[in-house]
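Since the structure comes first, as structure tokens, the remarks are kept for the end.
Nothing in this text is a laboratory measurement; each read-out follows from the coordinates by a stated rule. Nothing here was measured: the structure is a model prediction, and the numbers come from that model. FYI the Cβ positions are ideal-geometry reconstructions off the backbone, even for glycines, and counts take in every protein chain you see.
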Amino acid sequence: MPMLPKRMKFRKQQRGRLRGNATRGNYVAYGDYGLQALQPKWLTARQIEAGRIAAQHFLRRQGKIYIRVFPDKPVSKKPLETRMGKGKAEVDYWAARVKPGTMLYEISGVTEEIAKEALARVAQKMPVKCRFVGRRLSV
Amino acid sequence: MSNDTPTLHATIRERKGTRYARRLRSEGRLPAVIYGHGSDPLSISLDHIETLRHLKAGSHVFEVDVEDQKGTETCLVKDLQFGWLGDDLIHLDLTRVDLDQLVEVKVRLHFVGEPPMLGTTTGGVMEYDLNELEVSCKVREIPEEITVRLESMAGDTLTIGDLEIPDGVTPTAESSERVCQIVVQDDTEPEETGEAGGEAAAGGEAPAETTEEAGDS
């Protein structure tokens, strides 16, 4: 079941633009290792779910996966062979706005080798270039 | 803190600003600033690789030997700034301290071993709530890391009160706060993965978590 919000204040949104890099959610906060996006893109709920399934199939019952993005943007699409106009179309899918630097998934409770392999499989499902990262320094 | 405080050799930055800081970084230097104790702030640059090596080893306190100045200054790492990818160190804030001054710092937790209950619990996984612990101690007594021995974990939960903390070091959090626990996984499909994460993500709180095996086959 792909992720979607429980309720929205407004049913439809304007498209907006993805500009700049991520300034929040750009480091490993919950797990030990993470998968970081290096390109901007709308990540659909189905893609997020595909990534989760890929990781869990590989990890079996080890470790814990954290999904750091949530598809809270409704994207509308007109049906095929429809004339233009007649108002904005119905919501087709939900997407998460991903900027370069956004942490997509995190994993904890497994070794670095296993986490790297699991996140490499997740990266195959992503529509953006990604990189594997660990925790950063802190004081 | 180990007995031998690492010494960093620093040069004064004559020119400040983004452009000059970038040039320094391209030369393998790390821009930094020293402030505190009523003295004027001092813009310096350090060797990037050497500083990073010490920071990764868990050092919090440095003797900074500034070029063209008498003696060294004892400094505590106050803040780190990272680049746009969130993990490349671009600037360091150092504050002047006395070795007997009481400070609050975050110390890394080093987990060793496996809890005995994990082997007996079906489908159990370790969940770590804390990876570092904020402690209050004298500058000379700052530990590089706190070792957490999971073999001695009696139940399924380990709290701050159960940790072996060195003398002179006091955690700032309550002793009942959880450090890690054994979580038993369900075999059911996680319904909340799709539903519950909505407001969490929007509100900047905890992300959606999944520990169960996907029922997608």
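Within 10 Å of each Cβ in B:125-133, how many Cβ atoms from other chains are there, averaged over the peptide?
Per residue, the average neighbour count from other chains is 4.
With a sphere of radius 9 Å drawn around the Cβ of A:Ile107, what net charge do the other residues whose Cβ falls strictly inside it have (Lys, Arg +1; Asp, Glu -1)?
Around A:Ile107, the surrounding residues sum to -1.
Rounded to the nearest 500, what is the protein assembly as shown's calculated 222 nm mean residue ellipticity when only DSSP H runs of at least 4 contribute -39500 (n - 2.57) each, over all residues?
On the way: 7 runs with 63 residues, N = 356.
Dividing the helical sum by the residues of the protein assembly as shown leaves -5000 deg cm²/dmol.
Could you give the angle, 0 to 90 degrees to the nearest 10, between helix A:112-125's Cα long axis and the longest principal axis of the Cα atoms of chain A?
Taking the Cα atoms of chain A, the angle to A:112-125 is about 20 degrees.
Counting only other residues whose beta carbon sits under 10 Å from that of A:Gln39, what net charge do I get with K and R as +1, D and E as -1?
Combined, the nearby Lys, Arg, Asp and Glu give +3.
Would you work out the charge dipole size for the stretch A:6-78 about its Cα centre, treating the Cβ of every Lys and Arg as +1 and the Cβ of every Asp and Glu as -1, and quote it to the nearest 20 debye? Walk me through the numbers before you get to the answer.
Working: 19 positive and 3 negative charges, 127 e Å.
Once rounded to the nearest 20, the dipole reads 600 debye.
If Lys and Arg each add +1 and Asp and Glu each add -1, what is the summed charge of the other residues whose beta carbon sits under 15 Å from the beta carbon of B:His9?
Working: positive: B:Arg13, B:Arg29, B:Arg53, B:Lys70; negative: B:Glu27, B:Asp47, B:Glu50, B:Glu63, B:Asp65, B:Glu67, B:Asp68, B:Glu73.
So the environment of B:His9 carries a net charge of -4.
Ranked by Cβ crowding within 10 angstrom, fewest neighbours first, how are B:Met117, A:Met126 ordered?
B:Met117, A:Met126
Using the Cα centre of chain A as the reference point, and only Cβ charges (+1 on K/R, -1 on D/E), how large is the resulting charge dipole? Debye, rounded to the nearest 20.
Numbers: 31 positive and 10 negative charges, 169 e Å.
I would put it at about 820 debye.
Just want the answer: with Cβ charges of +1 for Lys and Arg and -1 for Asp and Glu, which residue in B:Thr72, B:Ser26, B:Ser136 is farthest toward the dipole's positive end in the protein assembly as shown?
So the residue furthest toward the plus end is B:Ser26.
At a 10 Å Cβ-Cβ cut-off, how would you order B:Ile12, B:Ile90, A:Ile48, B:Ile146, fewest neighbours first?
Ordered from fewest to most neighbouring Cβ atoms within 10 Å, B:Ile12, B:Ile90, A:Ile48, B:Ile146 come out as B:Ile12, B:Ile90, B:Ile146, A:Ile48.
Let me spell out the model: positive unit charges on the Cβ of Lys and Arg, negative unit charges on the Cβ of Asp and Glu, origin at the Cα centre of the stretch B:1-112. What dipole size does that give, in debye rounded to 20?
Computed about the Cα centre, the dipole is about 540 debye.
Taking a 18 Å limit on the Cα-Cα distance, which of the listed pairs A:Lys9/A:Lys41; A:Lys6/A:Lys129; A:Lys12/A:Lys125; A:Lys41/A:Lys73 fall beyond it? Provide the component values of the computation, followed by the final result.
Details: A:Lys9/A:Lys41 24 Å; A:Lys6/A:Lys129 30 Å; A:Lys12/A:Lys125 27 Å; A:Lys41/A:Lys73 12 Å.
Pairs exceeding 18 Å: A:Lys9/A:Lys41; A:Lys6/A:Lys129; A:Lys12/A:Lys125.
Relative contact order for the stretch B:7-97: what percent, with Cα pairs under 8 Å and sequence separation of 6 or more?
On the way: 166 pairs, mean separation 29.0, N = 91.
Relative contact order for the stretch B:7-97 comes out at 32 percent.
Of all GluC sites (Glu not before Pro) in the stretch B:45-86, which ones are in loop regions per DSSP and have a Cβ with at most 11 other Cβ atoms within 10 Å? Working shown, then result.
On the way: sites: B:Glu50, B:Glu63, B:Glu67, B:Glu73; in loops: B:Glu67.
Sites meeting the loop and neighbour criteria: B:Glu67.
Suppose R0 equals 35 Å. What FRET efficiency, 1/(1 + (r/R0)^6) with r the Cβ-Cβ distance, do B:His110 and A:Arg7 give to the nearest 0.05?
0.20
Which FRET efficiency value, to the nearest 0.05, is calculated for B:Glu27 and A:Arg83 with the Förster distance at 51 angstrom and r the Cβ-Cβ distance?
Efficiency at R0 = 51 Å is approximately 0.25.
Tell me, A:Lys77, B:Lys138, A:Lys64, B:Lys78 in order of fewest to most beta-carbon neighbours within 10 Å?
By the 10 Å Cβ count, ascending, the order reads A:Lys77, B:Lys138, B:Lys78, A:Lys64.
From the residues A:Val69, A:Tyr105, A:Ala120, which one has its Cα farthest along the dipole of chain A in the positive direction, the dipole being from +1 and -1 charges on Cβ of Lys/Arg and Asp/Glu about the Cα centre?
A:Val69
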